[in-house]
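Every number in this text was worked out from the coordinates using simple rules, so none of it is lab data. If you're wondering where the values come from, they're calculated on a predicted model, not measured in any experiment. With ideal geometry, Cβ positions are generated from the backbone for all residues, glycine too; neighbour counts draw on all protein chains shown.
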Amino acid sequence: MPTTPEHDTTQPMRVCIVGASGKLGHYMIRHCLERGYEVVSVCRPESVAKLDEFADRIEIIPGRTDDRDVIARAVAGCDGVLTVLVPWGVHNYSTGTAQAVLDLAEPDARLVFSCGWHISRDGLDRYSWKLRYAVPIVSHLARWARFVDIDDQVRATRRIFDSDTRWTVVRGSDLEEGDSQGLPVWSRHVGDPILASNRTRRIDFALFMVAALTDDELVREAPAINGCATESARAHEHLVSAGGAE
Ligand SMILES: NC(=O)c1ccc[n+]([C@@H]2O[C@H](COP(=O)([O-])OP(=O)(O)OC[C@H]3O[C@@H](n4cnc5c(N)ncnc54)[C@H](OP(=O)(O)O)[C@@H]3O)[C@@H](O)[C@H]2O)c1
């Protein structure tokens, strides 16, 4: 198990959020600011205005998240990097983003990436018919329309799984909006009973991402998460130890 570098507790934690202008990014900014973290965020130049409400409290670096010069500037001196992996476009945007963060972040930094349940680390996830059949069909059609490339996220996460950095890949269930219900439960494999409800509030997905920065149990894990107040989470509460179910 990787060792934990000491964080200088006299200094606030400095966290970079890559892809901060989206919905998940907004929630992650709020959770980080509530914890007193310094936040530096990267978003596409055309999206900077989406961060107006935070402009006096965070540093904003406009740029494409797969631009290595942009990422090098943003992650310098950061204790943690939260990266939203998106499947948009067909130009290896996610792969380029992930590779830049893996290569350029501080050697001891905690690196936390977001994706969905469709990503499998070891092939042992057990998917519903919807995920097994619908996702490949939709992803094929979307790629054909040059709109979304889900395989790009798959390639991005392969690189992360092969990396010896201090990474965590958080795999989100279906999402909904609403007030926080608390830290989601997690398990190593989709198909585990505790995940059956397949529903997490987006605010709590962000909470899990931010909490992972300081949770060494999650280093080199790919937790699949589910809302803690869902039926399946409550029914299998006894399986949860140290935040994760086996
Ligand atoms: N949506 C779901 O149901 C769901 C379920 C499970 C997991 N997830 C995961 O959750 C994370 C956030 O997903 P979300 O759906 O909630 O989206 P989101 O947080 O609103 O983020 C969307 C991101 O995509 C970027 N983006 C949009 N169009 C783009 C383009 N053409 N090229 C490059 N970047 C583009 C946005 O940047 P701009 O602000 O610059 O447009 C923003 O950073 C993702 O990692 C996703 O895989 C989502």
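Some observations on this one:
- Comparing 31, 236, 189 in a Gaussian network model of the chain where C-alpha atoms under 10 Å apart are linked, the largest mean-square fluctuation is found at 236.
- Net dipole in debye of the chain [+1 Lys, Arg Cβ; -1 Asp, Glu Cβ; about Cα centre; nearest 20]: 820
- Footprinting exposure proxy for 28, 13 (fewest neighbouring C-beta atoms within 10 Å first): 13, 28
- Label-point separation in nm, residue 11 to residue 128, each point 7 Å along Cα→Cβ: 4.6
- Cβ-to-Cβ counts within 10 Å put 60, 137, 29 in ascending order as 137, 60, 29, the fewest first.
- Taking other C-beta atoms within 10 angstrom as a stand-in for reagent exposure, 207, 175 fall in the order 175, 207, fewest first.
- Residue among 99, 120, 51 farthest towards the positive dipole end of the chain, charges placed on Cβ: 120
- Nearest-0.05 FRET efficiency for residue 138 and residue 217, computed from C-beta distance (R0 45 Å): 0.85
- Based on the Stokes-Einstein relation at 4 °C and a viscosity of 1.567 mPa s, and on the Kirkwood radius from alpha carbon pairs, the chain is assigned a translational diffusion coefficient of 71 µm²/s.
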